[in-house]
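Inspection log for the structure reproduced underneath, given as structure tokens.
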Amino acid sequence: LTGRTPSRHGVLHLFDKLGKQNDTLAEMLGQRGFTTSGVVTHLLLEPKLGFAQGFDRYDHSAVVGHQGVSSPRA
């Protein structure tokens, strides 16, 4: 959520971390008074990889890896 291509934000490979020098949409919204929340269920979106950057709340508690199903079929 930076609006940049991978070659510009530097996340080119699995488990690359998004650098703090990249402004995210969540950060921009937060600077304008919005409360931001993220809810993810995928291993590659964990906070340690920088994907929580700028969110006031970031819930990754349902991360179950590639094999798990986090929501039932409708």
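The values are calculated or read from the model by the stated rules, or taken from the named source; none is laboratory data. Note that the structure is a prediction, hence the values are computed from the model and not measured. Heads up, the Cβs are rebuilt from the backbone with ideal geometry, glycines too, and the neighbour counts pull from every protein chain shown.
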**OP:** Could you tell me which residue of the stretch 28-51 is nearest to ASP16 (Cα to Cα), considering only residues that are surrounded by 15 or more Cβ atoms within 10 Å (Cβ to Cβ) and aliphatic (A, V, I, L, M)?
**Re:** LEU49
Original post:
Does the stretch 27-49 hold any residues that are part of a helix (DSSP H, G or I), in contact with an Asp or Glu (Cβ under 8 Å, 6 or more places away or on another chain) and within 23 Å of ALA62 (Cα to Cα), and which are they?
Top reply: LEU49
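Out of curiosity, is THR24 surrounded by 15 or more Cβ atoms within 10 Å (Cβ to Cβ) and modelled with pLDDT of 95 or more? Spell out how you get there, then give the answer.
Details: surrounded by 15 or more Cβ atoms within 10 Å (Cβ to Cβ): yes; modelled with pLDDT of 95 or more: no.
Against the criterion (surrounded by 15 or more Cβ atoms within 10 Å (Cβ to Cβ) and modelled with pLDDT of 95 or more), THR24 does not qualify.
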